[in-house]
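A short write-up of the structure that comes next.
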Amino acid sequence: MQKTLLLVVSVLIIYSCKDGKSDKRLLVDSTGIVNEVSVVLDNESWKGRVGEAIRDVLAAPVYGLPQDEPLFNINQIPTNVFSGFLTNNRTILKIEMGREPATQFLNNVYAQPQKVIVVSGKTKDEVITQLKENGDRIIEVFKKMEVNEKQRLIRKSLYNSTFIKEKIRVDIKFPTAYRVAKDTSNFFWIRKDVTTGTLNLMVYELPYENIQRNDSIINQIISIRDSIGKAYIEGPTEGTYMSTENAYTPFQTETILDNKPAIETKGMWEVKKAFMAGPYINYAIEDKINNRWVIAEGFAFAPSVEKRDYMFELEAIIKSIKIK
């Protein structure tokens, strides 16, 4: 009797799984280098107009760098060999010809965590139209995935940053490879040595009235970062200090950080009276609850090498901010 009851229960469990009520697939961990996207497309199309349209989206130059560098590195995989471990990449763009035009954003299709974007069309022109119309969203989805991955790697070896949280109620996660260069009551300069220079983070707070939301807001932010640079970021010799390079037009956009409105500014910095320069990314976070602005900026000094991944690391660190 007990054996019969056990058999009935087992059958019911199996059927409930088949009905989808308990269908939880065991997916492998996704793999891939940060900022590398796998593109599944046949070789002929990759060399033609469809491949060019994909490169226009994924390999567009990153704004705010002194030389052109692509948003993502692209690993093209012919459709007929896309199987096995090749399906485990964290970010995949798959082109499907001969289907109704559409762009699908899928999660964890072959591995986890994973973003698979399927762009389809009956003709090449329809696929190209889908890529153009959804290019910004494709970039946004892949970039968010890569920021999350970079933050996951950073969390493996975290610096104890409670001193920042205790002083200005800002929690920011950065790795132990960084060191504290300046620590005051409301300003922090954090640095990491790299092969040819340094990566730098600044975190500080300002009274809410110091930045007014009007047509001159970008000039206000530049003026503030110049005053901070002169006060805190000294150059290699006496009388030298960091400032904004006026010859490079800053890029500015609205975004959200820690569920708060923020102004993102990208541009180039230089050291007055010294041959030092590089890119920066600045976030002014509107903290209305605490009647202030929280400013977080990353800047890199790394002459003669590519800087995309350096700036991406700084951006990922800043986007870990939680305001208490």
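Against the definition (modelled with pLDDT of 95 or more, surrounded by fewer than 18 Cβ atoms within 10 Å (Cβ to Cβ) and closer than 30 Å to residue 280 by Cα), how does residue 42 come out, yes or no? Here the answer is no, as residue 42 does not meet what is asked. Only a single criterion out of (1) farther than 30 Å from residue 113 by Cα; (2) part of a loop (DSSP other than H, G, I, E, B); (3) of a type in the set (A, V, I, L, M) is not satisfied by residue 221, namely (2).
Within segment 63-96, can you find the residues that are surrounded by fewer than 17 Cβ atoms within 10 Å (Cβ to Cβ) and assigned to a strand (DSSP E or B)? Scanning segment 63-96 gives 70, 73, 75, 96.
For segment 22-62, filtering for residues that are in a helix (DSSP H, G or I) and touching a residue at least 40 places away in the same chain (Cβ under 8 Å) leaves 8. Checking 261, 236 one by one, the residue that is touching a strand residue (DSSP E or B) at 6+ places or on another chain (Cβ under 7 Å), open to solvent by 40 Å² or more (accessible area, probe 1.4 Å) and of a type outside the set (Ser, Thr, Tyr) is 261 and no other. Selection of segment 140-162 for residues being open to solvent by 40 Å² or more (accessible area, probe 1.4 Å), assigned to a helix (DSSP H, G or I) and free of Cβ contacts under 8 Å to residues at least 60 places away in the same chain yields 140, 144, 148, 152, 162. Collect the residues in segment 276-324 that are open to solvent by less than 20 Å² (accessible area, probe 1.4 Å), acidic (Asp, Glu) and more than 15 Å from residue 191 (Cβ to Cβ), keeping them in residue-number order. Those that are open to solvent by less than 20 Å² (accessible area, probe 1.4 Å), acidic (Asp, Glu) and more than 15 Å from residue 191 (Cβ to Cβ): 286, 287, 315.
The values are calculated or read from the model by the stated rules, or taken from the named source; none is laboratory data. If you're wondering where the values come from, they're calculated on a predicted model, not measured in any experiment. Cβ: placed from backbone, ideal geometry, glycine included. Neighbour counts: every protein chain shown. Ligands, DNA and RNA are excluded from the accessible area calculation, which covers all protein heavy atoms including side chains. Shrake-Rupley method; radii C 1.70, N 1.55, O 1.52, S 1.80 Å.
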